[in-house]
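Novice: Here's a structure for you.
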């Protein structure tokens, strides 16, 4: 499966998992603005972590390193 910049392979895997009725339920999706609609249809949490980001203007924000892990934790708890 070729990687595409719009996240189609990820959506395809999520929908296939749902169609096979696997026991594990998806509760959190980390992705771009393109993956937001998948999270809405699956009724799960969504955290915007990659580009493209249509809903957020980012100048100096990262999830890498110590400060990034704190930023990620804040975003995670904001979405609860």
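None of the figures in this text is laboratory data; all of them are computed from the coordinates on show. The model shown is predicted, which means the values in this text are computed figures rather than measured ones. Counting neighbours? That spans all protein chains shown, and the Cβs are built from the backbone with ideal geometry, glycine included.
Novice: Separation between the residue 36 and residue 72 pseudo-spin-labels, each 7 Å from Cα along Cα→Cβ, expressed in nm?
Specialist: Simple spin-label model gives 2.2 nm for this pair.
Novice: Further, regarding this structure: Going by how many other beta carbons lie within 10 Å of each one, how would you line up 48, 70, fewest first?
Specialist: Numbers: 48 19, 70 11.
Result, fewest neighbours first: 70, 48.
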